[in-house]
1. Where a Cα-Cα gap under 12 Å defines reach, which aspartates and glutamates qualify for K388, not counting those fewer than 8 residues away within the same chain?
2. Might you report the magnitude of the Cβ-based charge dipole of the chain about its Cα centre, with Lys and Arg at +1 and Asp and Glu at -1, to the nearest 20 debye?
3. Testing the spin-label approximation: label points 7 Å from Cα along Cα→Cβ at R48 and A189. State their distance in nm.
4. Jot down the radius of gyration and Dmax of region 326-474, Cα atoms only, both in angstrom.
5. Order of 340-351, 34-45 by packing, highest average Cβ count within 10 Å first?
6. Quick one: helix 286-317 against the long Cα principal axis of the chain, what's the angle to the nearest 10°, folded into 0 to 90?
7. How large is the helix-only mean residue ellipticity at 222 nm for the chain, computed as the sum of -39500 (n - 2.57) over DSSP H runs with n ≥ 4, divided by its residue count, in deg cm²/dmol to the nearest 500?
8. Cα axis of helix 442-452 to longest principal axis of the chain: angle in degrees, 0 to 90, nearest 10?
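Read-outs: derived from the displayed coordinates by stated rules, not from any lab. As the structure is a computational prediction, the values presented were derived from the model and not from experiment. Please note: Cβ atoms are built from the backbone with ideal geometry, for glycine as well, and neighbour counts cover all protein chains shown.
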Amino acid sequence: MKSEKGVSPAWRWAALSIRARLSMSYAAALGMMLVIYAAFVYTTVRERFGVEIDHRLDQEVEIAEQALVRDATGQLSWRMPGERVDGYVTLANMLWVDVHLTDGTLVYRLTGGYAKNRNPEALPFGRRAPGFFSTRLSSGVSLRVLQREVEVDGIRAVIRAAFPEEQIERELASLLWVLAVGLPLAIGAAGIAGYWLAGRALAPVSKMTDEAQSITADRLHARLPIANPNDELGRLGTTFNDLFARLEGSFEQLRRFTSDASHELRTPLTVIRSVGEVALRERHDEAGYREIIGAMLEESDRLAQLVQSLLTLARADGGRIPLNPAPFDLAELGEETASHLQILAEEKSQQLLFDNRAGQLPVMGDRSVMRQAVLNVLDNAIKYSPEKGPIRVVARCDNGRAILEIEDSGPGIALEHRAKVFDRFYRIDSGRSRKEGGFGLGLAIARWAVEANGGRIVVQRGDPGGSVFRMTLPLSKQAD
Ligand code: ADP
């Protein structure tokens, strides 16, 4: 059996369901408020009773004072014992009223209505400071007494009026009883109501949990049910659904990437294999074998290129390409890349021009990574421009941004393909591109390279036709 020892209450509280915790907190909060309220009601009622009793005692003593006269014998006497005095029925709720002379001689003692059948014990007379006091008789009856010294025609006397507190105590006790029984009942009812309400409020969470549990990699298209998109749970659900949508997108991308990559890898391997098989099947002279080996080398070159590109993208995705940002001149990088690829352009009799309209374009970034982007884009420009077609590399600055544009005289890229050409393995005309040696990874790498350096790359239609690839980087501060 598991021991309860060592399990802290906080842990047990945390282990409870939200529904249980909510309803318990609700009941506890309500309980606390009710206890405070009950204490307030009880003390207020008790105080009011106290004030009321003192007021009545005061009235009784007043009446008694008016009823006292000095009679013909010079003694103090009671004018109308137990009768109405000034229209007021005396002693209705009193225990007694008595009058003593200051030496302690009892002059009168009137038993009140309340004491009729009770035969109350007398309170021994004692000189004490005039005013209200509470006392308890030896029989256990508690009294509230008002004692006042008066002077009636030269005779000094002490009037005392007593009120039995028992009656008030009984009423207070029954109030206390009602509160003591009602309070736990109200707290219990609040707990049950809270549990029910919390259950209703949290029902969408249960539904969402069930649905979320059924969402696996194969069911990423499923979404959580959302009852009210504007409440807290609805917003949470929407956030999760957005997350699932992004996950679904990433999974889909990954799946496509894997299948495209395997497809691309298989093609050169198949070519190498079939060229080898054919070479083995038939006899060839030396020139024939050379040609076959040349073809195989060409394919393995393509394979190596593809593997290199895949590796670059995989490492870029994993953030494993360390970037070494340093200040460099983007215009100078454009010029250098253009002169580097000049030879390729010349092979196609193309005119590759570098147009520097900015002088210098100081930017901050990893130059070698950025060079890869410029190289890929310029390589495409040469690849897709026709023989003798002009190509321009323009360096300019605009609004605090360094811009490098590569304009070609190729077929251009239709609007619907413009965003997609930067996706991996995306080729507009796969037949033609493959013949040219592309895998559809060059622009994906270029986009990663530019964005990793805090820039943007877009493609537009060129003025006279063709395409314009624009790479934008923020100019670094020392530009001004
Ligand atoms: P590839 O290696 O196939 O050229 P890229 O990622 O570099 O792959 O380009 C993706 C696709 O975009 C290409 O297959 C091609 O259809 C199109 N493309 C890229 N650059 C140009 C360009 N300068 N002119 C026309 N089409 C282009």
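1. E346, E347, D408
2. Magnitude of the dipole: close to 960 debye.
3. Modelled inter-label distance: 2.2 nm.
4. That works out to 14.2, 41 Å for Rg and Dmax.
5. Order by mean packing, descending: 340-351, 34-45.
6. In the chain, helix 286-317 runs at an angle near 20 degrees to the longest axis.
7. Result for the chain, helices only: -18000 deg cm²/dmol.
8. Orientation of helix 442-452: about 40 degrees from the principal axis.
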